[in-house]
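Asker: Please read through the structure below; I'll follow up with questions.
The values are calculated or read from the model by the stated rules, or taken from the named source; none is laboratory data. Since the structure is predicted, the reported quantities are computational estimates derived from the model, not experimental observations. FYI the Cβ positions are ideal-geometry reconstructions off the backbone, even for glycines, and counts take in every protein chain you see.
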Amino acid sequence: MNILICDDIAEEAQNLEEAIKAAGFEGNLNCFNNGADALSHVKSGGAVDLCFLDIIMPEMDGICLARRLREAKYNGEIVFLTTTNEYAAESYQVGAHSYLIKPPNAQSIADILRKIADAKKNADTAGIPVVTRNMTRFLFFNEISYVEVMGKKVYFHLLDGGNVEITAALNEILPQFLEDTRFAQSHRSYIINMNAVSYIQDKEIFFRCGKKAPISKNYAEFARQYIKWVFGKERQ
């Protein structure tokens, strides 16, 4: 694992580095005292699996740095560190793994490293990069209940009940989804994650997130695909 530390206070960066080593970490560590250099390192191709970012820094704070990292298509983990929890909500808007109050101890670092290592072993990394008016992110397929296309807008309806909207045509995204066997079309405007389906009744699909989608007569094969998918999973 490759870890990046960004903290403008040298003493606190050193304390964090010592806590990481005390937690048993034996990989590569790169330390930066400002967001611009940390961002440049990632953009230039530096291998980074986990970023520890101080939130309160001059010029570019940790939240801003995290956004810039995501815009640069950094898909690794982010852990924020600060002396106050007032930025907790913002930290999760950029897909942060954790939020630690300074000074973190070796045990808290070890717990985070273990959770990340366990997640990597069981990772489902398939997904699609999406760009909205104010955000760039990598949307994992296992986050999506279904995809709905309306005109030139594509709506990714998520398992947590939220949605992400982009401007695109169906033919721009359809091949990427249908290459993944968990997805199938139920309608010319709907792509369904069969893992997210709760049940099918009549010509409607009901999802675990509480939403529903139609099955059109031209896609009647979807119900059979879903049954095949369910029984195929049970045999695995």
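Asker: Name the strands (runs of 3 or more DSSP E) wholly within region 156-236 that hold at least 1 residues that are of a type outside the set (Val, Ile, Thr) and farther than 23 Å from Ile128 by Cα?
Answerer: 197-201, 204-207, 212-214
Asker: Kindly indicate which of Ile109, Ile200 is more than 30 Å from Asn15 (Cβ to Cβ) and at pLDDT 90 or above.
Answerer: Among Ile109, Ile200, only Ile200 is more than 30 Å from Asn15 (Cβ to Cβ) and at pLDDT 90 or above.
Asker: Next question, about the same structure. State whether the residues of region 113-134 include one that is more than 28 Å from Val147 (Cβ to Cβ), outside the structural domain of Leu158 (by TED's automatic domain parsing), at pLDDT 85 or above and surrounded by 13 or more Cβ atoms within 10 Å (Cβ to Cβ).
Answerer: Yes, some residue in region 113-134 is more than 28 Å from Val147 (Cβ to Cβ), outside the structural domain of Leu158 (by TED's automatic domain parsing), at pLDDT 85 or above and surrounded by 13 or more Cβ atoms within 10 Å (Cβ to Cβ).
Asker: Something else about it: If you scan region 5-19, which residues turn out to be within 19 Å of Ala110 (Cβ to Cβ) and under 24 Å from the mean Cα position of the chain (by Cα)?
Answerer: The one that is within 19 Å of Ala110 (Cβ to Cβ) and under 24 Å from the mean Cα position of the chain (by Cα): Ile5.
Asker: Could I ask something else about it? Before we move on, is Glu172 loosely packed, with under 14 Cβ neighbours inside 10 Å and not assigned by TED's automatic domain parsing to the domain that holds Leu50? Break it down into steps so the answer makes sense when it comes.
Answerer: Working: loosely packed, with under 14 Cβ neighbours inside 10 Å: yes; not assigned by TED's automatic domain parsing to the domain that holds Leu50: yes.
Yes; evaluated as a whole, the condition is true for this residue.
Asker: Output yes when any residue across region 18-34 is β-branched (Val, Ile, Thr) and either without any contact (Cβ under 8 Å) to a residue 40 or more places away in the chain or not assigned by TED's automatic domain parsing to the domain that holds Ser108 (or both), and no when none is.
Answerer: Step one: of region 18-34, the residues β-branched (Val, Ile, Thr) are 20.
Cutting the leftovers down to either without any contact (Cβ under 8 Å) to a residue 40 or more places away in the chain or not assigned by TED's automatic domain parsing to the domain that holds Ser108 (or both) gives us none.
Checked against the condition, which is being β-branched (Val, Ile, Thr) and either without any contact (Cβ under 8 Å) to a residue 40 or more places away in the chain or not assigned by TED's automatic domain parsing to the domain that holds Ser108 (or both), region 18-34 yields no hits at all.
Asker: I'd like the residue in region 39-76 that is at pLDDT below 90 and touching a helix residue (DSSP H, G or I) at 6+ places or on another chain (Cβ under 6 Å) and, out of all such residues, is surrounded by the fewest Cβ atoms within 10 Å (Cβ to Cβ).
Answerer: Among those residues, the one meeting the criterion is Ala72.
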